[in-house]
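Only the coordinates and a few stated rules stand behind these numbers; no lab work does. For clarity, every value in this text was computed on a predicted model and none was experimentally measured. Cβ placement follows ideal geometry from the backbone for every residue including glycine, while neighbour counts extend to all protein chains displayed.
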Amino acid sequence: MAQDQSKQGLLRETDGLSEDGIGLDSDSDIAATRNLDREPPTSGHVLHAQMKRQQWDFIRFLGRRSRCCIATVSTIIVLWILLSAAGAFFYKKYQEEPSYGQSPPWYPSPKGGIAKSWAVSYEKAAKMVEKMTLAEKVNITTGTGWQMGLAVGTNGPAVHVGFPQLQLQDGPLGVRFADNITAFPAGITVGATWNRQLMYARGKAHGIEARGKGINVLLGPCVGPLGRMPAGGRNWEGFGADPYLQGVAGAETVKGIQSEGVMATIKHFVANEQEHFRQPWEWGLPHAISSNIDDRTLHELYVWPFADAVKAGVAAAMCSYNMVNNSYSCGNSKLLNGILKDELGFQGFVMSDWLAQHSGVGSALAGLDMTMPGDGVGWANGESLWGPQLSRAVLNGSVPVNRLNDMVTRIVAAWYQLGQDDETKFPRQPPNFSSWTDDRMGVLAPGSPSPQDKVVVNQFVDVQANHSVIAREVAAEGTVLLKNEGLLPITRQGLDASKLEVRRRDLEKLTGKRHSGKFKIGVFGEDAGPGNGPNHCKDRACNQGTLGSGWGSGAVEFPYLVSPIEALRKQFDSSKVEVHEYLTNKPSLNDDKTIVDDLELCIVFANADSGEGFVKWENVRGDRPDLNLQRGGDDLIVNVASKCGSGSGDVIVVIHAVGPVLMEKWIELPNVKAVLLANLPGQESGNALADVLFGDTNPSGHLPYTIGKSLSEYGPGGQVLYLPNGVVPQQDFSEGLYIDYRYFDKHNIDPRFEFGFGLSYTTFNLSNLQVASHRHKSPLPAPRPSPAANPPSYPTTIPPKSEVLFPTGFRALEKYIYPYLSSVDDIEPGQYPYPDGYDTAQPLSGAGGDEGGNPDLWAIYVTVTVDVKNDGPVAGAAVPQLYLEYPAKEGVEFPIRVLRGFDKLYLAPGESQTVHFSLTRRDLSYWDVAEQNWVMVAEGQYRFKVGFSSRDLLLTGTW
Ligand code: BGC
């Protein structure tokens, strides 16, 4: 195919060459052609002579040209042959190796309905599903196509039994493409709060808004990517580069969202760690990248947070674009059937990421339950791998009827489980907003070229309530104070009177110059200002103005964005403070020398952005190319620090970022007295920052990742693969368990700021660590329990073909995906080749048995308690963290320490409280590849270290 195309290309080029040649190279040729064209012949012989001359000219021309042409054509052919040979060589090399499908087979797909917590919903679902026709069942599993509804994803209904279309909408920080919603802080900011209650509260508010907008399924939270690579483009959608932190934050978010009856979707399952090559064709390659992960690492790092979400009762899971061990995640039976459904006991349904499904029958057998957005072969082309194809596959017997029934039952059970059959809460209507237009009127399926009547599609329902309060709290608590040399908090008058007097006297001694009058502050950087407005670029895919979120499907339309300057202008007391604004990264400080020399305090803003790989901004193609501040942020900070108050003014640096940024160029400058990492604060950015600057909120954010001194410090596993290393790019996770702080610890590298680090305006003290044992150590969990409920059973006979014929008189919209077929005559049941290993039923996992896995894994074995005291001058919140060190075990290597507990305590000055860390069997185990189970180290002593960061561990206890 590729060869044919290039052949045609070559012919066209050669043709063009000779035509052009006539006109360009010879005057006589030009004349001859002109004559021929323009002067009508007067008589026969003149005409004849003229023609002869012209023919002769033309033959001479061809003679000259042909030498030249032969040379050119020969060169092209030789080049072509060389290129083809090289292409064939590489194609062969990379195409053949590795072969597709190195992930082990796991069949048959476990049926939903084994957990007590879902039993009632499954019973109700069974009663509904048994009445459905084949077309109705298929309809429920298949999206109607891109832009074939008002939400980003809509499946088909089962009208006769009263099951509505489900409306699926992004995303993890707010309701995407909607008006009058809240733009909450992004996941990474939530992670930085280390505050379980806020995680839940934000999820709940998000759920209220989604329901208010008519959404059934929210496409979040995101716990994958985990953050293996600090420059990974979508790390900010998740909660931080540690599975325990991700797991807790993900689970609290799920509980919050689902407390409002909205189904949460835990995504992206799994190992979608980078944007480059995440899906076929987006990056010019026919295949997506393969994340190659060993079994232990998969369990202990990447799947871990998904287990927490399943335990929390999550209704949906989204499989990812990438391959894992060279099988596409959405067709990977080991991942979906084996790990998610059997081992973790997931009772909800698995949907594909948008176009992440690559096989019809294969993905159904592998455990996929719903395909989104429906189109599966190409973007928005209306051709589905399911829909009518699934109808056909069930009729010809290639997809077993019981697999289809399980897909549908899982979806319907999830709907009942969340109480969505209650029409007062979930009216059976399209959402009250359209993702595709801001106009009031529009069509219901704008993706179809078929004519449609316009209806009201945007009702502009305001669902924000007082959620700005939560957004502001999360943003303030998610702000990490990284450095503070006695400068923060400042006051609305600048500095409090006594501090100001001391400072001015000191400066006078130093510079001989006495500052007087109003306190003079300079605010610098584009990131402090509104830029062109928060929604200037589509999907937020550019870095301009202050940075409130990253970009892509994880972003929303900001209803507003309080920029830092807006809040500071309002809040500084103008009778005492003079604010000079330089909302650019290239301020002309020399032109303004007299003012800049006089500044007593400079607040400099800089940032770093990234996002989803379907769109790029400058050289950030989803993933960041490095960890530098963008738009000249480093230069700005250095420049301001050197000129502010002639180099003696105090400097506060404020960073908004999607992840770690390098700070080496300025962090140790003597007048950089304070640094705040405000992460991605959402709509309340400026207000939250002011809360922290002025000390209304005592900073209590802690780093959800490590800030290194260079990108290379994160090790080989920390590097994004920017250039393909084969037709199927291969990324080996050979660093295993050692990502982020585990890598830094193992290699004894001093980061700039370690994982878990964060300062406060007060100080805390820890004492009295106690360990209470509740159960005995034993290597293996209790045996897998027998199922608490039985999955529904239905007749397995293939339904009549007529059930999937287009109903008579049906007006089909072009490109819309229906379950129907125009003819069923050619469909015959037959023998079909199934994937290798399909006929070998896998043993059920000892780690499974209930929702979230074997219940014993969640049993609490040890409690560690510690007294935390605020021994500083002001009220504040402490974040005590517990890290676990495993006993030594022959043949098993453990990370030096891993996070296994945290909490946030609000303490008045002098107040003391006890923090309780509960450690479950899973927390104390490692994944044993031979046992295929979580194993506790029964010999030797576990050590529990408690402190305020991964490297500030003051107390130790043992078990
Ligand atoms: C993203 C998902 C998102 C989906 C729907 C995909 O490109 O990877 O996270 O939910 O689109 O917008």
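Some values worked out for this structure:
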{"read-out": "Projected-area mean, the stretch 811-959, by convex hull of Cα positions, square nanometres", "value": "18.6"}
{"read-out": "Mean separation of Cα contacts under 8 Å, 6 or more apart, over the residue count of the stretch 378-486: relative contact order %", "value": "16"}
{"read-out": "Calculated log₁₀ intensity ratio I(q)/I(0) where the Debye formula runs over C-alpha points of the stretch 883-959, q = 0.12, 0.27 Å⁻¹", "value": "-0.41, -1.44"}
{"read-out": "Of the DSSP H helices in the chain, those whose Cα atoms cover at least 20 Å axially and whose Kyte score averages -0.5 or more", "value": "44-96, 243-258, 401-417"}
{"read-out": "Beta bridges by DSSP in the chain, antiparallel share as percent, to the nearest 5", "value": "55"}
{"read-out": "Other-chain or far-sequence residues with amide H under 5 Å of H268's (modelled H)", "value": "V223, G224"}
{"read-out": "The stretch 180-224, Cα convex hull volume normalised per residue, Å³", "value": "75"}
{"read-out": "Square roots of five times the Cα gyration tensor eigenvalues for the stretch 788-890, Å", "value": "57, 27, 15"}
{"read-out": "Sites A772 and V461 - FRET efficiency at Förster radius 45 Å, r taken between beta-carbons, to 0.05", "value": "0.35"}
{"read-out": "Sparsely packed trypsin sites (Lys or Arg not before Pro) within the stretch 539-639, loop by DSSP, other Cβ within 10 Å at most 15", "value": "none"}
{"read-out": "Environment charge of K904, counting only residues whose C-beta is closer than 13 Å and scoring Lys/Arg +1, Asp/Glu -1", "value": "-3"}
{"read-out": "Shape of the stretch 153-298, Cα gyration tensor, a/c cut at 1.5", "value": "oblate"}
{"read-out": "Beta bridge orientation in the stretch 512-651: antiparallel %, DSSP, nearest 5", "value": "15"}
{"read-out": "Overall dimensions of the stretch 618-730 as given by Cα atoms, namely Rg and Dmax in Å", "value": "17.0, 56"}
{"read-out": "Extent along principal axes [Cα atoms of the stretch 363-487; Å; largest to smallest]", "value": "74, 40, 35"}
{"read-out": "The chain - percent relative contact order, Cα under 8 Å, separation 6 or more", "value": "16"}
{"read-out": "Alpha-carbon Debye profile of the stretch 486-560, log10 I(q)/I(0) at 0.21, 0.24, 0.26 Å⁻¹", "value": "-0.88, -1.05, -1.17"}
{"read-out": "Per principal axis, descending, Cα span of the stretch 833-892 in whole Å", "value": "73, 31, 21"}
{"read-out": "Rg(Cα)/(2.2 N^0.38 Å) for the stretch 757-831, N = residue count", "value": "2.72"}
{"read-out": "Exposure proxy ranking, count of Cβ atoms within 10 Å, fewest first, for R410, R428, R403, R176", "value": "R428, R403, R176, R410"}
{"read-out": "Surface/4 of the Cα convex hull for the stretch 247-393, nm²", "value": "8.8"}
{"read-out": "Å³ per residue enclosed by the Cα convex hull of the stretch 439-527", "value": "224"}
{"read-out": "Cα-based Kirkwood hydrodynamic radius, the chain, one decimal, Å", "value": "30.6"}
{"read-out": "Convex hull per residue volume in Å³, alpha carbons only, for the stretch 339-421", "value": "105"}
{"read-out": "For the stretch 525-669: Kirkwood Rh in Å [reciprocal of mean 1/r, alpha carbons]", "value": "16.0"}
{"read-out": "Per-residue [θ]222 nm for the chain (sum of -39500 (n - 2.57) over DSSP H runs n ≥ 4, rounded to 500)", "value": "-8500 deg cm²/dmol"}
{"read-out": "Set of the stretch 300-335 residues, backbone N closer than 14 Å to the point 7 Å along the Cα-Cβ line of Q102", "value": "323-328"}
